Structure formats: C-alpha cells, structure tokens
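The values are calculated or read from the model by the stated rules, or taken from the named source; none is laboratory data. This is a predicted model, so every value here is computed, not measured. Using ideal geometry, Cβ is built from the backbone for each residue, glycine included, and neighbour counts are taken over all protein chains shown. Keep in mind that these areas ignore ligands, DNA and RNA; they rest on the heavy atoms of the full protein, side chains included. Shrake-Rupley method; radii C 1.70, N 1.55, O 1.52, S 1.80 Å.
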Amino acid sequence: MSNATSNTTPSDDISRRQNPKWVRLRLLLKMPLPLTAAIILILLLIAALFVAPYLFEQANRQNLRLRFYPPFQTEQGWLFWLGGDALGRSMVAELIYGARTSFLVAGSAVGVAASLGFAIGLVSGYFGGWFDAIIMRLADIIVTLPSLLMALAILFVLGPSVFNLICVLAVARLPVFMRTARAQTLSIREWTFVEVSRSIGASPARIIWRDIRPLVAPTILTVAMLELGNTMLAVAGLSFLGVGLQRPDIDWGTMVAEGRQYMNVAWWITVFPGIAILITALSANILSNWMRAVGDPKQSGALVAKVTGGGN
Amino acid sequence: MSAPTTKTPPLLQVEGLSKHFVLRGRGGNKTLRAVDDINFTLEPSETMAIVGESGSGKSTLARSLLRLLEPTSGTVHLRGQSLTDMTHKQLREARRSIQMVFQDPYASLHPRHTVAEIISEPWRVHRGIYPQADYAKQVDILLSKVGLSPNYAPAYPYRLSGGERQRVAIARALALAPQVLILDEPVSALDVSIQAQVIKLLMQLQLDMQIGYLFISHDLPLVRLVADKVAVMYMGRFVEQGPADEVFAAPRHPYTKMLLAAVPNRQNAPTNEPASEPTNPFDIEAGCAFAPRCPMAQDICRTTAPNRQTGRLAAHSFTCHFSQ
Amino acid sequence: MVTPLLDIRDFSVTFPSLGGDIRAVRGINLQLGEGESVAVLGESGSGKSVTSRAILGLIDVPPARLEGSILFDGVEVLGRSDKELAAIRGRGVSMVFQDALDGLNPVYTVGDQISELLRVRAHMSRKTAKAEAISLMQQVGIPAAAQRAKDYPHQFSGGMRQRICIAMAVALKPKLLIADEPTTALDVTVQAEILQLIARLQREANMALIFVTHDLGVAHNIAENLMVMYAGVVMEFGPTNAVFGAPAHPYTQALMRSHPSEATHWSDLQPIAGSPPDKTERLAGCPFSPRCPHSTDRCTKEEPALRRGPAGHQVRCHFDLDAQI
C-alpha cells in the first residue's frame with residue numbers, strides 16, 4: 001500500500017495556508033467606517049450592560065433646581081454635561097439607562113425572532129410539503145400587515161408592558177428570519193454534501209443540525225444585526241407614540257416624546273436621544289452591510305483591494 | 001463462506017431497474033424514462049464502468065441504486081438482500097455496505113467540518129463500530145490508506161487542493177468498510193495532473209480491499225484502463241454491455257463506435273462534422289432511441305424498437321437491429 | 001519587421017485576496033500573426049483563461065493589477081475604458097466561452113440577437129441583418145436555420161447553443177478569435193463537431209485563433225502552436241508537433257505520461273506527484289520544482305528563464321532533458 005502511493009503523496013505542510021477568520025479581523029481593523037460602527041456598538045453595549053444598572057436612580061431622580069439645565073456645563077458634575085430635562089433629571093443617566101432598555105427590548109425581540117425563525121425556516125425548507133406551505137402563508141400574512149400599526153393596536157388592547165412589547169416585535173420580525181433561513185436551506189439542501197450524508201445513512205434531523213445549520217447561521221447573524229437597528233427604531237417609535245415603555249422604564253423613544261413639547265426652550269432633551277437612536281441604527285446597518293460583504297467572496301476580493309491599496 | 005451446496009448470490013444484482021419522472025404539463029403528462037430496464041451484476045474486486053454522455057441517466061442510475069432517488073420499478077439485491085423492499089430504517093443500515101464517491105470534491109465536503117470530523121461522521125451515524133475514543137486513531141489509519149499524513153486531520157477543506165479533497169472523500173467512503181463503491185465521475189472535476197494519482201489510489205485500494213466498483217464516467221480512455229466490464233448508456237438504457245476488452249476492441253452498437261471515434265487524441269484527429277445532437281428525451285415515440293443520430297438508421301429503426309442481441313461472447317450484448 | 005496582430009509583452013496579473021496576493025499570470029510573452037493559431041494548455045489556475053480575458057479587457061481593474069503590455073493591431077489594450085475597447089471587441093477580437101448560456105440573452109430569439117449585433121455594429125439594415133443572421137447560422141451547421149432563428153436559447157441543446165455563440169463571435173469577421181474551453185461542458189461526440197467547426201471557420205476566414213484548453217488531446221488537434229502554462233508562467237512554447245513530438249519541459253513530459261491514452265492498464269499510469277502550487281505563496285525557484293522528478297538545489301533557488309531548448313522550441317528549464325515519453 002505504502003509503496004503504491006508514497007511517490008504521489010501530497011505535501012504534508014498545510015499549516016502555512018491562512019485562516020480567513022483572522023484575515024477578516026485584520027480587514028476590519030483597516031476599514032474605518034465598519035470599525036467605528038463596531039466600536040460604537042460595543043461601547044453602547046458595555047454602557048447598557050454594566051454602567052446603566054448604577055444609574056437607575058439618577059435617571060429618575062428629579063431636581064427642580066436643575067430643570068432645563070443647559071448642556072456642556074461642568075459645574076454640576078459629569079451627570080449634567082448633557083444638561084437636565086423638564087424635571088431636572090440627568091440627561092447622561094437617562095441616555096445610558098435608555099440604551100439599556102433599548103438594547104434589552106430590541107435585543108430580546110430580535111433574539112426570539114431570530115432563533116424561532118431560524119428553527120422554523122430550517123425545518124420547513126428541508127422538508128417542504130404542507131408544513132412549509134402553511135408556514136409560508138402565515139409569514140405572508142404577517143408581512144402584509146403594517147407592523148407598526150399592528151403593534152400599536154395590539155399594545156393598545158393588551159396594555160403597554162416590556163413583555164408585550166417584546167412579543168409583538170418578535171412576531172413582527174419573525175417572517176424575515178423564517179424566509180432567510182428557508183431560502184438558504186432550500187439551496188443548501190441540494191448541495192452534494194447533503195446527498196453524501198444521506199448516502200452514509202444520516203437521519204434528516206442530523207443533516208439539518210450538522211450540515212445545514214452551520215451554513216445558514218452567519219446569514220441569520222447578519223440579518224439579526226440589521227434587524228437590531230430596525231427594531232431599536234421601532235421600539236423608539238412605539239414609545240414615542242405612548243404604547244412602548246413607561247416610567248420608570250425609559251428608552252430613547254420615551255425621551256424624545258417627553259422632550260417634544262419643550263423643543264423651543266430645551267432642544268437637547270429631544271435632540272440627544274434622537275442622535276443616539278440615529279447613530280445606533282446607522283452603526284448596526286453599516287456593520288451588517290460589512291458582514292454581508294465579507295461573507296460574499298465576490299465582494300471580499302474588492303474589499304481587500306481597497307484596503308491594501310491595490311489596483312490603479 | 002457459505003455451504004458449498006448453495007451458490008453465493010452476486011455481490012450486487014440489479015434487475016429491470018427503472019426510474020421514470022412524470023412531468024405534468026398543459027398538454028397532459030409526459031414521462032421521462034431517465035433510467036429504463038437496467039440489468040447487471042457486480043462481484044467483489046470487479047470494476048463495472050457505465051459510460052455515456054450527460055443526460056444519459058448515469059447519475060440517476062447511481063442514485064436509484066442507493067435509493068437516494070426511489071426507483072420506479074425493478075430490484076436491487078445486495079448479497080441476496082433486496083434493497084428495494086427495505087424500510088427507510090433498514091435502508092439506512094444497509095447503506096453501510098454501499099458507499100459513493102461524488103464527482104466534485106469541492107461540493108461533497110462540508111466546508112465547516114474538519115477532515116477528522118468528515119471521515120468519522122459515518123461512525124457517528126452508525127454507532128458501535130468503534131468506541132469514540134478510537135476515532136482519532138482510525139481517522140489516521142484511513143488517512144494513510146488514501147496517502148495523506150495525519151497532519152490533515154484538524155484541517156478544514158478550504159485548505160486542501162482538489163486532489164487532497166477527493167482523497168478525503170474516498171477515506172470517508174471507506175470508513176464503513178463498504179463492499180460496493182459507486183464512483184460517480186471520481187476524477188473528472190480534478191486537474192489533469194492529479195487524475196492519474198487518484199485513479200491509481202482507487203485501483204490499489206480495490207486490490208487491497210476487494211471492493212466492487214461501479215465506475216461512472218464519460219472518459220473512455222480512462223474507462224479502458226480500469227474497467228473489467230462496460231455498459232454504454234444512452235437515454236436511460238444500456239445499448240451495449242460486456243467485457244471491457246471486447247467492447248473496446250469490437251464495439252457493436254453504432255453509438256459505442258461514435259463515442260470511441262470522437263475521443264480527441266494524439267493519434268487521430270476527428271474527421272467528421274455532422275450536427276448530430278442528442279434528441280429530446282420526450283420525443284421518442286417508437287423505434288430505437290438512437291435512430292435520429294445514427295449514421296446507419298433504416299426505416300425499421302424509426303418504427304420498431306430493437307431487441308437485445310448477443311455478440312461474439314455470450315456476456316457481450318447490444319441493442320440494435322443490425323449485427324455488423 | 002512586420003508588426004504582429006497580437007503582441008503580448010511581459011504581461012502579469014495580480015489579484016488581491018484574503019489570503020494574500022494571487023499572482024495569476026507572471027510575465028507572459030506571445031506574438032501572433034494573422035491567421036496563426038495557438039493552443040494554450042494548462043490546468044485550472046495556470047493563468048490561461050486570465051490571459052485570454054485580458055486581451056478583450058475583461059478583467060476588472062481594480063481589484064486586479066495588470067502589468068506589461070498587450071498590443072492588438074498596434075494599439076495598447078491595457079488601461080483602456082470599456083468605450084474605447086468596444087471598437088476592438090467584436091470587430092478585432094471576439095470570444096467564445098465555456099458556458100454558451102452566459103453569452104446569450106434568454107429573453108430574445110437567437111435570430112434577433114445575431115441580427116441586432118449586425119445592425120448595431122455593422123450598420124446593416126433590418127432586412128439584410130436578418131438574412132445574414134440566418135446565413136451565419138447555416139455556416140455554423142444549424143439545420144433548418146431559417147426556422148430555428150425564431151427559437152429562444154433554452155430551446156437549443158448545449159452543442160447548438162455553442163454553435164450560435166460561435167456564429168455571433170464570427171459575425172463581425174474578427175481578426176482574432178479567442179475560444180476559452182468552448183467544448184469542456186459538452187459531450188465527446190459534440191466536442192468533436194465543435195472543434196471541426198472552429199477549425200473550418202478559422203481556415204476559411206484566415207482568423208488568428210487562441211484556443212484555451214486543459215485537454216491534451218484537444219490541444220493536439222486544434223492549433224499549429226502550443227503554449228504550456230503552469231502556475232501563471234509559460235513552461236514550454238513551440239509548434240504543436242515539435243512540443244508533442246519532443247517535449248522538453250518535465251511538466252509537459254509528465255503531463256503526457258500521466259494521460260490515460262498513453263497506458264494500457266491503470267498500473268502503467270505514471271502520476272505527477274503533489275498538487276499544483278498555492279498561488280498566494282512566492283516561490284523562489286521554478287514553480288514546478290516541488291513536483292519535478294529532475295529537481296535539484298538550483299531549481300528551488302533560481303527561477304529558470306524561457307530559452308531555446310534542445311529540440312529547437314522554447315522551454316523554461318535549467319536542463320536539457322531527454323524527450324522520452
């Protein structure tokens with residue numbers, strides 16, 4: 001045996017070929033826009049998870065002496081760098097605490113929608129048939145309903161609460177994930193390695209879990225990043241309309257809504273949370289776009305060229 | 001083996017195997033006979049080649065044998081056991097004995113699994129072959145069988161060349177120690193400088209392990225080197241089959257002759273330029289499927305389907321009205 | 001000295017990628033006169049397709065980086081805009097691709113597509129263009145051309161589609177036809193017919209021909225010159241009969257020895273060891289040295305130049321090796 005193949009043995013040294021994961025990280029470090037977006041989101045996440053819990057009290061403590069306290073003054077300490085609101089609460093504390101609820105609500109909604117949609121999409125894409133038909137018609141129905149209007153109606157009836165809000169948003173976002181997962185499953189199902197698994201004798205459950213799931217996951221993650229931005233906007237919108245979060249839970253939408261009537265006297269109460277929403281949604285969008293581009297071999301070549309300054 | 005009085009059934013016996021696809025259309029249903037009435041047997045250490053052009057039904061035949069596609073009719077027996085009558089659960093178990101190597105090693109290996117995971121996957125599906133602790137050792141043994149070093153075990157497929165990938169695919173197919181290996185164009189997706197390596201490896205493995213090979217290919221020069229038996233497939237049927245030496249030396253069916261004449265090689269440049277395209281598989285109403293392309297077609301060929309004739313050797317048969 | 005129709009000098013192509021730069025083509029030289037033909041033989045990744053595409057300006061810059069020069073009819077092709085290249089494409093150079101479906105628009109009949117080309121590029125009237133389109137379809141051997149001109153691409157078989165692509169490629173009477181593996185996707189019987197067709201058209205119209213292929217048998221029959229490429233460089237170049245008759249490069253020799261038609265039994269096959277190199281690496285010496293049976297220290301350190309070999313044609317090897325196959 002060894003005689004027959006020893007002269008045709010391929011080279012043993014395969015370690016020198018690079019792992020694309022690290023290359024991608026290096027690529028991110030060289031691209032200012034997605035890098036900034038990633039840094040902003042990470043900082044916001046840290047603030048929301050680790051800083052915000054200490055600021056709950058400050059975010060709700062009223063101090064009538066500091067009503068409409070203007071921003072960029074240092075006498076009242078860092079809590080009042082961005083000014084005070086109509087009841088003299090610290091804008092900084094409110095913004096950070098608002099970030100926490102925004103992330104928490106939007107994150108949970110997207111998390112629930114993504115994992116549920118992922119699972120349903122995999123199963124209905126792999127098996128097809130009546131299950132798939134029913135699921136996809138349901139998705140069509142959800143998509144045709146204007147989601148904001150539907151959420152408004154449901155929250156109006158059920159009453160606004162964090163739990164209801166998450167549920168409503170998750171259902172509204174479910175079809176996106178279901179369809180993405182299903183579409184990818186449909187194409188991956190036809191790949192040869194799935195046929196190989198069947199020829200080995202693997203069960204459908206095993207094929208879905210071992211073969212298809214790992215390949216659909218990155219796309220789901222990319223879509224989730226995009227949806228996170230969209231959902232944060234939706235949360236802010238619903239809060240602004242008064243069916244979202246209620247005091248003492250505040251988010252940026254609530255702040256914009258509260259500050260609206262004082263636009264003439266204290267612009268900062270509206271503008272700062274507005275900017276926060278804008279930056280976060282934008283960052284999520286940019287990062288999601290970048291993730292998609294890097295995952296696509298056609299586009300990643302052009303990215304590398306841009307970064308390395310190639311082609312002239 | 002078994003008692004001397006009873007004859008051992010063939011390793012693989014295929015009888016009357018057909019796979020028809022019904023396509024529903026406005027003008028009524030149409031039947032595509034992708035595989036039609038296929039008969040052959042395969043013994044250990046034997047290589048049976050199935051040659052034909054794209055659309056001839058070679059790959060559909062391979063998938064019907066394994067019941068990756070459900071055959072319309074006919075039987076497949078493995079050592080006397082009917083694969084076609086098995087439940088899905090029994091079938092999953094039986095697939096241990098028949099494994100397949102696919103054409104494209106870039107598509108047949110999962111991009112997110114390491115070489116070790118890919119090769120040991122069959123053992124994870126069929127528990128109890130080796131204890132889990134032995135997987136790493138057994139993977140190394142299989143890697144060395146296909147001429148790769150153990151260094152490849154933790155590597156992901158993207159780091160391998162086409163030839164290395166196909167070796168991994170072969171190692172996976174061997175993991176369950178199959179008795180029959182279906183090789184679906186195993187080298188046609190590889191670079192020319194790699195093809196000979198992989199062919200030699202496969203044939204050496206057959207010598208060592210006495211596996212029966214079903215070698216599907218369109219590459220006639222290659223088939224000539226490896227096959228013991230050849231079947232020429234055209235529009236779902238075997239139009240000629242027999243011992244490889246005999247079919248290559250004395251082809252009897254006009255289609256076999258046409259295929260052999262069309263091979264571009266250093267000795268002869270092809271000389272004819274007729275526009276002889278495969279016919280639409282739905283158009284065949286009566287007569288011989290090859291008649292529209294056949295240089296020697298007569299009226300009878302278009303009206304009556306030809307019968308099977310026997311050539312100089314009893315094992316050599318072909319389907320044609322004429323016998324020269 | 002007469003200027004050749006096509007003059008490629010020190011031409012290189014580099015693609016940036018996640019794993020580092022891919023040097024697809026390194027320093028190719030090729031001169032081709034009117035009516036001359038060359039077969040470019042190589043494996044996947046040898047740079048053969050990239051070179052042929054560059055002549056038509058089909059490589060996107062960026063991401064690619066191009067160096068050297070490609071003169072067609074005395075005009076520099078590299079660095080031209082698509083608009084400037086339009087004058088060269090079709091009338092000067094045209095191309096037939098591996099996948100015939102890529103070259104045809106699925107929503108127009110083939111007759112419309114050919115006559116549209118003639119009307120726009122050759123300024124023919126609607127009527128003459130239509131007649132010319134049918135005549136072209138007859139020339140490439142499509143039976144009942146007048147009726148079939150009304151059919152859509154999907155109604156044709158693969159071989160017939162490739163014939164239509166060839167008809168479109170020769171419609172404007174180009175001086176150079178580039179065929180990039182035009183028969184790889186086709187069956188052997190159809191392949192033989194298409195090869196005959198291309199050879200006949202080339203002869204009749206005195207076109208120059210670049211035929212890219214990975215198939216030794218095809219390369220042997222299609223052109224008068226043969227260029228063997230490996231890892232982005234030319235390994236051997238010369239008249240086809242000379243190269244096949246007395247291959248001077250170990251790669252060409254090994255390729256011929258490993259071909260099934262050279263053996264009578266599988267055990268006679270003489271495989272080439274190893275795999276083609278990963279092109280993101282920079283090899284100091286000869287790119288074939290890791291797989292070469294004659295490799296020495298010199299081969300791994302110093303890249304050989306293309307030079308006149310023992311049999312009279314060009315070869316990139318340090319040694320004069322016996323041309324035994």
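So here's what we get for this one:
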| quantity | calculated |
| --- | --- |
| Residue satisfying condition, being within 18 Å of residue B:217 (Cβ to Cβ) and within 14 Å of another protein chain (Cβ to nearest Cβ), within set C:219, C:192, C:223 | C:192 |
| Answer residue from segment C:228-276, given it is among the aromatic types (Phe, Trp, Tyr) and closer than 30 Å to residue B:245 by Cα and is nearest to the other protein chains (Cβ to nearest Cβ) among those | C:266 |
| Counted residues, segment A:247-271 - those being in a loop (DSSP other than H, G, I, E, B) and touching a Ser or Thr at 6+ places or on another chain (Cβ under 7 Å) | 4 |
| Scope segment C:177-224; condition hydroxyl-bearing (Ser, Thr, Tyr) and assigned to a helix (DSSP H, G or I); matching residues | C:189 |
| Condition broken by residue A:118, with the remaining ones in (1) within 21 Å of residue A:287 (Cβ to Cβ); (2) among the aromatic types (Phe, Trp, Tyr); (3) touching a Gly at 6+ places or on another chain (Cβ under 6 Å) satisfied | (3) |
| Residue satisfying condition, being closer than 28 Å to residue B:125 by Cα, part of a strand (DSSP E or B) and either in contact with a Ser or Thr (Cβ under 9 Å, 6 or more places away or on another chain) or open to solvent by less than 40 Å² (accessible area, probe 1.4 Å) (or both), within set B:35, B:76 | B:76 |
| Test: residue in segment B:130-145 that is in a loop (DSSP other than H, G, I, E, B), open to solvent by 10 Å² or more (accessible area, probe 1.4 Å) and not acidic (Asp, Glu) | yes |
| Unique match (being open to solvent by 10 Å² or more (accessible area, probe 1.4 Å), over 25 Å from residue B:54 (Cα atoms) and basic (Lys, Arg)) among B:159, B:224 | B:159 |
| Condition broken by residue C:110, with the remaining ones in (1) open to solvent by less than 20 Å² (accessible area, probe 1.4 Å); (2) under 23 Å from the mean Cα position of the chain (by Cα); (3) touching a residue at least 40 places away in the same chain (Cβ under 8 Å) satisfied | (2) |
| Hits in segment B:235-255 (condition: within 11 Å of chain C (Cβ to nearest Cβ) and either among the basic types (Lys, Arg) or buried (at least 24 other Cβ atoms within 10 Å of the Cβ) (or both)) | B:255 |
| Any hit, segment A:272-294, residues being outside any helix (DSSP H, G or I), β-branched (Val, Ile, Thr) and either open to solvent by 20 Å² or more (accessible area, probe 1.4 Å) or in contact (Cβ under 8 Å) with a residue 24 or more places away in the chain (or both) | no |
| Meets criteria (surrounded by fewer than 19 Cβ atoms within 10 Å (Cβ to Cβ) and within 14 Å of chain A (Cβ to nearest Cβ)) for residue C:33 | no |
| Among (1) under 23 Å from residue B:143 (Cα atoms); (2) open to solvent by less than 10 Å² (accessible area, probe 1.4 Å) - the single one residue B:209 does not satisfy | (2) |
| Qualifying residues in segment B:172-202 (those that are among the polar types (S, T, N, Q) and over 15 Å from residue B:103 (Cβ atoms)) - the one farthest from the other protein chains (Cβ to nearest Cβ) | B:179 |
| Contacts under 8 angstrom Cβ, first residue in segment B:112-141 being of a type in the set (Lys, Arg), partner in a helix (DSSP H, G or I) and buried (at least 17 other Cβ atoms within 10 Å of the Cβ), 6 or more apart | B:112/A:215 |
| Flag if residue B:166 is out of contact with any Lys or Arg (no Cβ under 9 Å at 6 or more places or on another chain), surrounded by fewer than 22 Cβ atoms within 10 Å (Cβ to Cβ), modelled with pLDDT of 90 or more and farther than 22 Å from residue C:183 by Cβ | no |
| Scan of segment C:286-312 for residues that are buried (at least 19 other Cβ atoms within 10 Å of the Cβ) and either within 9 Å of another protein chain (Cβ to nearest Cβ) or in contact with a helix residue (DSSP H, G or I) (Cβ under 6 Å, 6 or more places away or on another chain) (or both), ordered by number | C:286, C:288, C:289, C:291, C:292, C:299 |
| Criterion: crowded, with 23+ Cβ neighbours inside 10 Å, among the small types (Gly, Ala, Ser) and in contact (Cβ under 8 Å) with a residue 12 or more places away in the chain - qualifying residue of C:205, C:179, C:192 | C:179 |
| Top-ranked residue in segment A:186-223 [being more than 22 Å from the chain's Cα centre (by Cα) and of a type in the set (Ser, Thr, Tyr); ranked as most open to solvent (accessible area, probe 1.4 Å)] | A:187 |
| Lone qualifier among C:77, C:38 - being open to solvent by less than 50 Å² (accessible area, probe 1.4 Å) and touching a residue at least 40 places away in the same chain (Cβ under 8 Å) | C:38 |
| Members of segment B:151-171 that are without any contact (Cβ under 8 Å) to a residue 60 or more places away in the chain and either at the interface with chain C (Cβ under 10 Å from one of its Cβ atoms) or among the charged types (D, E, K, R) (or both) | B:158, B:159, B:160, B:161, B:162, B:163, B:164, B:167 |
| Among the residues listed as B:82, B:45, B:54, the single one being over 30 Å from residue B:148 (Cα atoms) and within 14 Å of chain C (Cβ to nearest Cβ) | B:54 |
| Checking residue B:163 against (1) out of contact with any strand residue (DSSP E or B) (no Cβ under 9 Å at 6 or more places or on another chain); (2) more than 15 Å from residue B:102 (Cα to Cα), the condition it does not meet | (2) |
| Among (1) at negative phi; (2) touching a residue at least 40 places away in the same chain (Cβ under 8 Å); (3) not β-branched (Val, Ile, Thr) - the single one residue C:275 does not satisfy | (2) |
| Candidates A:226, A:215, A:238 - the one that is part of a helix (DSSP H, G or I), among the aliphatic types (A, V, I, L, M) and closer than 16 Å to residue A:105 by Cβ | A:238 |
| Subset of segment A:224-257 [surrounded by fewer than 24 Cβ atoms within 10 Å (Cβ to Cβ), more than 23 Å from residue A:175 (Cα to Cα) and either under 17 Å from the mean Cα position of the chain (by Cα) or among the small types (Gly, Ala, Ser) (or both)] | A:242, A:257 |
| Residues that are away from every other protein chain (no Cβ under 14 Å) and among the charged types (D, E, K, R), drawn from segment C:160-181 | C:173, C:175, C:180 |
| The listed residue being out of contact with any strand residue (DSSP E or B) (no Cβ under 6 Å at 6 or more places or on another chain) and either more than 9 Å from chain B (Cβ to nearest Cβ) or modelled with pLDDT of 85 or more (or both), out of C:149, C:185 | C:149 |
